[in-house]
Amino acid sequence: MKAIRTTICAYAIVLFTSLGLATPSLAGSSDFAGIYGALHASVNGVGIDGTHTDSNGEKTDGMVGAFVPAGGAEIGFNIPMGDVFFMG
């Protein structure tokens, strides 16, 4: 019962927060003119499952994998070109 009540409260908080933060966006290209900067980061990963059967018929399961963190920075300048288009 406590888990159900906690779940319902969590959904209510998310719903009320999203309704309070939802506003229409009325921005033109001139609102984005000028210098900008950005930072980004991600973690990329891959994994492969496999099996091996030796000469005695014994089966061995295994997995190999790795992950690689990646990141970067960006700086630039936006030039408005019309009401809704800009070039960076």
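The values are calculated or read from the model by the stated rules, or taken from the named source; none is laboratory data. These numbers were taken from a predicted model, which means no experiment stands behind them. Positions of Cβ are backbone-derived with ideal geometry, glycine not excepted, and every protein chain shown enters the neighbour counts.
Things to note:
- Single unsatisfied condition, Y36 versus (1) in a strand (DSSP E or B); (2) among the hydroxyl-bearing types (S, T, Y); (3) loosely packed, with under 10 Cβ neighbours inside 10 Å: (3)
- Within region 39-63, residues that are closer than 30 Å to A73 by Cα and in contact (Cβ under 8 Å) with a residue 12 or more places away in the chain reach partners that are among the acidic types (D, E) and surrounded by 10 or more Cβ atoms within 10 Å (Cβ to Cβ) with beta carbons closer than 9 Å, at six or more positions or on different chains, in the pairs L39/E74; H40/E74.
- Counting the residues of region 76-88 that are within 15 Å of G37 (Cα to Cα) and in a loop (DSSP other than H, G, I, E, B) gives 1.
- Subset of region 1-35 that is under 30 Å from G82 (Cβ atoms) and among the polar types (S, T, N, Q) - its residue that is modelled with the lowest pLDDT: T23
- The set of residues from region 51-75 being surrounded by fewer than 10 Cβ atoms within 10 Å (Cβ to Cβ), within 21 Å of G37 (Cβ to Cβ) and out of contact with any Ser or Thr (no Cβ under 8 Å at 6 or more places or on another chain) comprises G72, A73, I75.
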